[in-house]
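The values are calculated or read from the model by the stated rules, or taken from the named source; none is laboratory data. Note that this is a predicted model, so its numbers are computed, not measured. With ideal geometry, Cβ positions are generated from the backbone for all residues, glycine too; neighbour counts draw on all protein chains shown.
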Amino acid sequence: LFGFNTNRVSGYFDPIEPSKEDKLILPKNFKYDVVAAYDDVINEAGEKFGSGCDYNAFFPLQGSSSRGLLATNHEYVTFFQIGNVDGKPTKEQVDKALYYQGMSVIEVYRDSNGTWKMDPRSQYARRINGYSKFELTGPAKGSKAVSGATTVQGTFANCSGGVTLWNTVLSCEENFSDTAEEAKLPDTHYGWVIEIDPFDKGYLKKHTALGRFNHENTAMGVAKDGRVVVYMGDDKKDACVYKFVSNGKYNASLGRGNAKLLEEGTLYVADLKKGKWLPMTIEAVTKALEKGTPEMKEKFKSQADVVTYCHEAAMLVGGTPTDRPEDIEISPFDNTVFICHTNNDKHGNIHGHITRIFENGDDLGALEFDFEIFAAGGRQSGFSSPDNLAFDSNGNLWVVTDISTSSHNTGVYKTFMNNGLFVIPTVGPNKGVAMQFASGPVHSELTGPFFTPDEQTLFLSIQHPGEMTTDLNNPTSTWPHRPGDKIARCGVVAISGFKLG
Ligand code: FEO
Ligand code: CA
Ligand code: CA
Ligand code: CA
């Protein structure tokens, strides 16, 4: 039994053991309710919950931690949505891929028995998907790099995300290329950070100033001088960590008007050797290209080109290639910045690690930093391939793992069994020690941990259970095992049992 120094989240739980069972296993005295699963009807218009559930964000209604809107990302489709793709996908398969990706906004509540449910009569519930119309903002809007587009069709490959200071959601387009190609949509219209307002159906933006790459997430904070800072990972092997710093300052009284701050600012890439944030301006890229090839000089003529071909620009100015930066969280205690480097088999980093950045003067706006490896994956720590992160108010980092499904229970991944959820204190005597809180069903990944404001409920996505299935009559998982379910369905659960200390 581990006792963290906790007041609000009980923290007193018996860590569980790794498991191969087709179940979502929690410590004793905790329970979960499935609030929504793939293909469930979410509203009176008959729209359906999407697939590949990832990021979650909860927005209280009337300040309540028992009723609110849940915004969920839908990252991709699997065999369960579109069946086998034999060479080129059919039109029907492409249509389904565009429909089931994107986001859902649903209304959820805890009933008088303490069970969390979805309310399909909600006036807010809706889908955002590959057909929704988005407005571009920032340097690439209307530019040659995006063929002059000011609006674009749809969003997909929505992985992780973040909540803004003004109560909207940022959602990140990660592995967008396949869907864009199959749907014959222009590749440069995807790979951005989108912003939606769960309370306003008409508000759909793609902020190009934050760059175009395999966006994992956003983590937003404020610099000491009031400018808004957004940390972002580019989840690819040998890709970089970025931060955007707005030109203008945050003004709480403006509410959503602050979203303008995401249209003008400086994008920086991390140089981990020098401990510097390098500006990715057209001036810096042009200077770096003085000895470059004519083709490269032709490619980078404006800031629109820099944000659109962000990774190439980052390499030119001296950004450090890293081991697949996934989620990033800013510690609410000391402004240190935690980054999951999930793994990179190109360099033998098989189990990944969590990097912690110390900005100069604890100022998120600083241009210099130092860092440490806060925790390393492997047998000793008990976790492998860290991915999404969430903080609770006691300084515990909640970390989900993403061992790729084809590696489950094989080779050096054997001891970890199914993917899980771990709690790692960042302060106190158990600092850096990982304790397992949950084990996911077979061939799943746990994603999108998000606490209600009272920290009595943890929302969590169960992504791609049964992903290795190739025969509908023989699925590798049938989670969530609801009556009548013959296939596995990804979904979102509400975990409760946290006791006030
Ligand atoms: Fe979609 Fe990088 O995880
Ligand atoms: Ca994933
Ligand atoms: Ca991820
Ligand atoms: Ca991952």
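Looking at segment 255-277, I want the residues that are over 19 Å from ILE194 (Cα atoms) and have a partner that is part of a strand (DSSP E or B) and β-branched (Val, Ile, Thr) with Cβ atoms under 6 Å, at least 6 apart or on another chain. Which pairs are those?
What qualifies is ALA270/VAL241.
Only one of (1) touching a Phe, Trp or Tyr at 6+ places or on another chain (Cβ under 9 Å); (2) more than 18 Å from THR179 (Cβ to Cβ); (3) part of a loop (DSSP other than H, G, I, E, B); (4) of a type outside the set (D, E, K, R) is not met by SER112, so which one is it?
(1)
Determine which member of the set TYR38, TYR32 is modelled with pLDDT of 95 or more and touching a helix residue (DSSP H, G or I) at 6+ places or on another chain (Cβ under 8 Å). First the steps, then the outcome.
Working: TYR32 fails: touching a helix residue (DSSP H, G or I) at 6+ places or on another chain (Cβ under 8 Å).
So the residue among TYR38, TYR32 that is modelled with pLDDT of 95 or more and touching a helix residue (DSSP H, G or I) at 6+ places or on another chain (Cβ under 8 Å) is TYR38.
Tell me, please, whether a residue that is of a type in the set (Lys, Arg) and modelled with pLDDT of 95 or more can be found in segment 412-427.
Within segment 412-427 (the criterion being of a type in the set (Lys, Arg) and modelled with pLDDT of 95 or more), the answer is yes, since at least one residue qualifies.
Mind checking whether some residue in segment 269-280 is crowded, with 17+ Cβ neighbours inside 10 Å, of a type outside the set (A, V, I, L, M), modelled with pLDDT of 95 or more and closer than 30 Å to ARG127 by Cα?
No: zero hits.
Can you list the strands (runs of 3 or more DSSP E) found entirely within segment 339-409 that contain at least 1 residues being more than 24 Å from GLY275 (Cβ to Cβ) and within 16 Å of ligand 2 (Cβ to nearest atom)?
Answer list for segment 339-409: 386-391, 396-401.
From VAL306, VAL317, grab the single residue that is in contact (Cβ under 8 Å) with a residue 60 or more places away in the chain, out of contact with any Asp or Glu (no Cβ under 7 Å at 6 or more places or on another chain) and more than 16 Å from ligand 3 (Cβ to nearest atom).
Working: VAL317 fails: in contact (Cβ under 8 Å) with a residue 60 or more places away in the chain.
One residue alone meets the criteria, VAL306.
What strands (runs of 3 or more DSSP E), lying completely within segment 161-230, carry at least 2 residues that are within 16 Å of ligand 4 (Cβ to nearest atom) and crowded, with 19+ Cβ neighbours inside 10 Å? Write out each step before concluding.
Working: elements: 169-173, 193-197, 200-207, 219-222.
Ranges flagged: 169-173.
Of ASP392, ASP334, ASP327, which residue is surrounded by 23 or more Cβ atoms within 10 Å (Cβ to Cβ) and not basic (Lys, Arg)? Give the derivation first.
Numbers: ASP392 fails: surrounded by 23 or more Cβ atoms within 10 Å (Cβ to Cβ); ASP334 fails: surrounded by 23 or more Cβ atoms within 10 Å (Cβ to Cβ).
The conditions single out ASP327.
Taking segment 410-431, which residues are loosely packed, with under 14 Cβ neighbours inside 10 Å and of a type outside the set (Lys, Arg)?
Once the filter is applied, which keeps residues that are loosely packed, with under 14 Cβ neighbours inside 10 Å and of a type outside the set (Lys, Arg), segment 410-431 yields THR410, GLY411, VAL412, THR415, PRO429.
Considering each residue of segment 125-135, count those that are surrounded by fewer than 18 Cβ atoms within 10 Å (Cβ to Cβ), touching a residue at least 40 places away in the same chain (Cβ under 8 Å) and not in a strand (DSSP E or B), and give that number. Please lay out each step first, then the result.
Narrowing segment 125-135 to residues surrounded by fewer than 18 Cβ atoms within 10 Å (Cβ to Cβ): 131, 133, 135.
Filter once more, so that each one left must be touching a residue at least 40 places away in the same chain (Cβ under 8 Å): 133, 135.
Among the residues that remain, those that are also not in a strand (DSSP E or B) are: none.
Count: 0.
Residue by residue, here is whether (1) surrounded by fewer than 21 Cβ atoms within 10 Å (Cβ to Cβ); (2) modelled with pLDDT under 95; (3) over 21 Å from the mean Cα position of the chain (by Cα) holds:
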{"residue": "LYS237", "(1), (2), (3)": "yes, no, no"}
{"residue": "LYS249", "(1), (2), (3)": "yes, no, yes"}
{"residue": "LYS287", "(1), (2), (3)": "yes, no, yes"}
{"residue": "LYS297", "(1), (2), (3)": "yes, no, yes"}
{"residue": "ASP305", "(1), (2), (3)": "no, no, yes"}
{"residue": "CYS310", "(1), (2), (3)": "no, no, no"}
{"residue": "VAL317", "(1), (2), (3)": "yes, no, yes"}
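Going by what's in this entry, would GLU359 be described as crowded, with 23+ Cβ neighbours inside 10 Å, away from ligand 3 (no atom under 16 Å from the Cβ) and under 21 Å from ALA223 (Cβ atoms)?
On the way: crowded, with 23+ Cβ neighbours inside 10 Å: yes; away from ligand 3 (no atom under 16 Å from the Cβ): yes; under 21 Å from ALA223 (Cβ atoms): yes.
Yes; evaluated as a whole, the condition is true for this residue.
Please state which one of LYS141, LYS88 is more than 24 Å from the chain's Cα centre (by Cα) and either at pLDDT below 95 or assigned to a helix (DSSP H, G or I) (or both).
That would be LYS88, the only listed residue that is more than 24 Å from the chain's Cα centre (by Cα) and either at pLDDT below 95 or assigned to a helix (DSSP H, G or I) (or both).
Is it the case that segment 477-492 has a residue that's surrounded by fewer than 24 Cβ atoms within 10 Å (Cβ to Cβ), within 22 Å of GLU17 (Cβ to Cβ) and not basic (Lys, Arg)? Give the steps one after another, and end with the answer.
Within segment 477-492, the first condition is being surrounded by fewer than 24 Cβ atoms within 10 Å (Cβ to Cβ), and the residues that meet it are 478, 480-487.
Adding the requirement that they be within 22 Å of GLU17 (Cβ to Cβ) leaves 480-481.
The next check asks that each one be not basic (Lys, Arg); those that pass are 480-481.
Yes - at least one qualifying residue is present in segment 477-492.
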